[in-house]
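So the structure is just underneath, and the comments pick up after that.
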Amino acid sequence: MIFVKKNRLTHSVLGLSLSMLVAGTALLSPQAASAATSTTNGAVAAATATATSTSRADSIVRTAKSYIGDVTYRYGTRNTSRLILDCSAYTQLVFSKNGIKLPWGSKAQAKLGTRVSKKTSLSKGDLVMFSTSTPGRINHVGIYIGNGQFISNTASSGVVIRSMTSGYWKDRFIMGRHL
């Protein structure tokens with residue numbers, strides 16, 4: 001059976017199902033058994049990939065939240081030793097703590113990974129880009145944490161969690177980037 005620390009029930013059920021499928025292949029013809037085994041191996045690989053990306057996203061969110069109350073915002077600043085950062089230096093720091101290199105600057109970060117156009121298609125750990133001044137022009141970046149919320153370093157409040165579905169940020173979303 002497959003046991004993974006996060007989401008044990010899903011992986012236990014998947015592991016049990018896969019075990020039963022492999023055991024049942026002994027009753028099949030050699031060709032059917034081979035097909036069932038390769039399907040099983042594919043399912044295991046898919047489950048492992050999902051678990052890995054889920055745990056990576058959870059780690060990114062945990063790291064991002066760990067800086068609440070500790071970071072001072074200053075536009076155009078990237079002083080990681082004193083935790084004086086702008087929004088993109090903050091995302092750069094969070095991702096670097098998780099082994100992912102990002103360039104500095106929200107516009108540069110907006111060129112990475114795969115574009116996510118709809119808020120409803122975002123995944124935990126995705127970068128989210130906003131326009132806070134000129135409509136349509138990216139000048140703020142944060143990290144999607146799920147349930148319509150993101151975390152970012154802001155001039156008004158430092159590192160905070162905000163809603164993307166109501167209030168100030170609702171109509172300022174431009175796109176997400178899945179890394």
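The values are calculated or read from the model by the stated rules, or taken from the named source; none is laboratory data. Note that this is a predicted model, so its numbers are computed, not measured. Virtual Cβ from ideal backbone geometry, glycine too; neighbours counted across all protein chains shown. Just so you know, the surface numbers come from the protein's heavy atoms only, side chains and all, with ligands and any DNA or RNA stripped out. Shrake-Rupley method; radii C 1.70, N 1.55, O 1.52, S 1.80 Å.
A single member of GLY136, GLY142 is under 17 Å from ILE60 (Cβ atoms) and touching a strand residue (DSSP E or B) at 6+ places or on another chain (Cβ under 9 Å), and it is GLY142.
Yes or no: the stretch 108-125 includes at least one residue that is of a type in the set (Lys, Arg), touching a helix residue (DSSP H, G or I) at 6+ places or on another chain (Cβ under 7 Å) and open to solvent by 60 Å² or more (accessible area, probe 1.4 Å). Yes; the residues of the stretch 108-125 include at least one that is of a type in the set (Lys, Arg), touching a helix residue (DSSP H, G or I) at 6+ places or on another chain (Cβ under 7 Å) and open to solvent by 60 Å² or more (accessible area, probe 1.4 Å).
Out of SER96, SER123, SER106, one residue alone is in contact (Cβ under 8 Å) with a residue 24 or more places away in the chain and within 14 Å of the chain's Cα centre (by Cα). It is SER123.
Give the residue, chosen from ILE151, ILE138, ILE161, that is open to solvent by less than 10 Å² (accessible area, probe 1.4 Å), among the hydrophobic types (A, V, I, L, M, F, W, C) and under 23 Å from ILE84 (Cβ atoms). Can you show your working first?
Values: ILE138 fails: open to solvent by less than 10 Å² (accessible area, probe 1.4 Å); ILE161 fails: open to solvent by less than 10 Å² (accessible area, probe 1.4 Å).
Answer to the selection: ILE151.
Restricting attention to the stretch 68-91, the residues that are touching a strand residue (DSSP E or B) at 6+ places or on another chain (Cβ under 9 Å), of a type outside the set (Val, Ile, Thr) and open to solvent by 30 Å² or more (accessible area, probe 1.4 Å) add up to 8.
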